[in-house]
Amino acid sequence: MEKTLDELLCAAAMAGNSAMVRDLLLRGADPSFFDSEGKTPLMHAAAVGHGEVVRCLLDAGAPWNALSPSNVSAGDLAMENAHQEAFDVLLNFAIQAELVLGTIARGGGDGEGAASQEVYLSERVSFGEDRIVDAESKAVMMAWEKPLMEAHARAICCFGDVGGKILNVGFGMGLVDEAIQRYKPLEHTIVEAHPEVYDRMIQSGWGEKENVKIVFGKWQDVLPQLGSFDGIFFDTYGEYYDDMREFHQNLHRLLKPGGIYSYFNGFCGSNAFFHVVYCQLVALELENLGYSTQFIPLPVKECISEDIWKGLKHKYWQLDTYNLPVCQASLDSE
Ligand SMILES: C[S@@+](CC[C@H](N)C(=O)[O-])C[C@H]1O[C@@H](n2cnc3c(N)ncnc32)[C@H](O)[C@@H]1O
């Protein structure tokens, strides 16, 4: 049977024949076509590392974020096969597209379309030994993150022997706060907006700790009463990427000169390439605000087994490495 223009486009993309790709596009071949394997021409070009063809397909409107039936994007294929040029082209294109459109992480930090903030805050949560779950059976926080929370605490509390002023936004299971306490901060402020999480904090004695100040409310509402800090950690739930962006706009008031900021880096935790896009995107936006970001890679494969997701609607993390962000004011902006 004769091949269609779209099938020919896939074949030309796979062969790295950019002249043929251009010609087929001019003749009306569809750059967003999925072949019988569920792959697009862009995926075929990326998998074999044809950077020029990748660029040409993107310029023609090929969707950079299309997923194959096994949830793999063109960027994942370039990454898996170590095709640096194709990967760089895809990454730069994706960052620019997300800066403008922000399509993949509009649904909250877990990239899975978290419930809207107002709904989450007004509904009940259930507390288990190893998790907090919202009314829609989505995990708000899970115990497997404990080593990550300890690493975040270490990153923001490295002020040596002199106790510093620390802010944590989002108490959850209190894992990061327990770790922060071990560094004996001079002042430790915790902002929490969910009434049941707040009640639990009070019941478990957090209100009686000498150096702890609990501020009940949404960070958006309580910001003016917070002051400034040596270390800040941000990890909320049910918010959108734009909310975190708004928090970042306030960093210059909240973070003291030389202070350290970190956030839970759960963006797009089920797709390795989308996750890289969001690491770079947040770092770029922070850089524009005068902060430089380093990512510390932490292996997490050992912390996660299939069992932990039982009864939950989403596996919000499926990658082997967690990239812990450490942000500081850039030297040239101090
Ligand atoms: C993922 S949990 C935090 C987990 C915490 N880092 C830990 O170590 O256990 C998110 C927390 O942020 C709270 N939260 C959600 N939106 C908030 C907001 N706008 N302001 C303050 N807290 C918020 C949630 O109620 C929840 O307790």
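Could you check how many residues of region 220-242 are buried (at least 18 other Cβ atoms within 10 Å of the Cβ) and in contact (Cβ under 8 Å) with a residue 60 or more places away in the chain?
Selection size over region 220-242: 13.
I'm trying to understand the selection: among the residues of region 186-211, which are among the small types (Gly, Ala, Ser) and either within 11 Å of the ligand (Cβ to nearest atom) or assigned to a strand (DSSP E or B) (or both)?
193
Which of the residues belonging to region 159-177 are near the ligand (Cβ under 7 Å from one of its atoms), outside any strand (DSSP E or B) and either of a type in the set (Phe, Trp, Tyr) or touching a residue at least 60 places away in the same chain (Cβ under 8 Å) (or both)?
Listed by number, the residues that qualify are 170, 171, 172.
Is there any pair with a first residue in region 182-210 that is surrounded by fewer than 22 Cβ atoms within 10 Å (Cβ to Cβ) and a second that is aromatic (Phe, Trp, Tyr) and assigned to a helix (DSSP H, G or I) whose Cβ atoms are under 9 Å apart and which are 6 or more apart or on different chains, and what are they?
200/206
For region 146-178, give me each residue that is farther than 20 Å from residue 223 by Cβ and crowded, with 21+ Cβ neighbours inside 10 Å.
Residues satisfying the conditions are 148, 149, 152, 153, 157, 173, 175.
For residue 217, only one of the following conditions fails: (1) under 27 Å from residue 282 (Cβ atoms); (2) more than 8 Å from the ligand (Cβ to nearest atom); (3) without any contact (Cβ under 8 Å) to a residue 60 or more places away in the chain. What is its number?
Every condition holds for residue 217 apart from (2).
Could you please find all residues in region 130-153 being within 9 Å of the ligand (Cβ to nearest atom) and of a type in the set (Lys, Arg)?
146
Condition check: at pLDDT 95 or above and charged (D, E, K, R). Does residue 243 satisfy that?
No: the conditions fail for residue 243.
Here's a check for you: in region 212-224, which residue that is assigned to a helix (DSSP H, G or I) and touching a strand residue (DSSP E or B) at 6+ places or on another chain (Cβ under 7 Å) is nearest to residue 180 (Cα to Cα)?
This residue is 219.
Check 180, 156 and return the single one that is under 14 Å from residue 261 (Cα atoms), within 13 Å of the ligand (Cβ to nearest atom) and in contact with a Cys (Cβ under 9 Å, 6 or more places away or on another chain).
180 is the lone residue from the list that is under 14 Å from residue 261 (Cα atoms), within 13 Å of the ligand (Cβ to nearest atom) and in contact with a Cys (Cβ under 9 Å, 6 or more places away or on another chain).
Which residues, taken from region 245-264, are surrounded by 22 or more Cβ atoms within 10 Å (Cβ to Cβ) and within 13 Å of the ligand (Cβ to nearest atom)?
262, 263, 264
Which one of 256, 315 is within 17 Å of residue 145 (Cβ to Cβ) and in contact (Cβ under 8 Å) with a residue 12 or more places away in the chain?
Sole residue among the options that is within 17 Å of residue 145 (Cβ to Cβ) and in contact (Cβ under 8 Å) with a residue 12 or more places away in the chain: 315.
Looking only at region 158-171, how many residues end up being touching a strand residue (DSSP E or B) at 6+ places or on another chain (Cβ under 6 Å), among the hydrophobic types (A, V, I, L, M, F, W, C) and either farther than 20 Å from residue 215 by Cα or at pLDDT below 95 (or both)?
Looking only at that region, the number is 1.
Residue by residue through region 14-56, note down the ones that are of a type in the set (Gly, Ala, Ser), surrounded by 19 or more Cβ atoms within 10 Å (Cβ to Cβ) and over 31 Å from the mean Cα position of the chain (by Cα).
Once the filter is applied, which keeps residues that are of a type in the set (Gly, Ala, Ser), surrounded by 19 or more Cβ atoms within 10 Å (Cβ to Cβ) and over 31 Å from the mean Cα position of the chain (by Cα), region 14-56 yields 18, 29.
Does any residue of region 32-42 turn out to be modelled with pLDDT of 95 or more and not in a loop (DSSP other than H, G, I, E, B)?
Within region 32-42 (the criterion being modelled with pLDDT of 95 or more and not in a loop (DSSP other than H, G, I, E, B)), the answer is yes, since at least one residue qualifies.
Can you give me the number of residues within region 119-145 that are surrounded by fewer than 18 Cβ atoms within 10 Å (Cβ to Cβ), touching a residue at least 60 places away in the same chain (Cβ under 8 Å) and part of a strand (DSSP E or B)?
Qualifying residue count for the region: 1.
Would you point out which residue out of 143, 139 is farther than 16 Å from residue 230 by Cα and touching a Leu at 6+ places or on another chain (Cβ under 6 Å)?
Within the list 143, 139, the selection yields 139.
The values are calculated or read from the model by the stated rules, or taken from the named source; none is laboratory data. What you see is a predicted model, and the numbers here were worked out from it, not measured in a lab. Please note: Cβ atoms are built from the backbone with ideal geometry, for glycine as well, and neighbour counts cover all protein chains shown.
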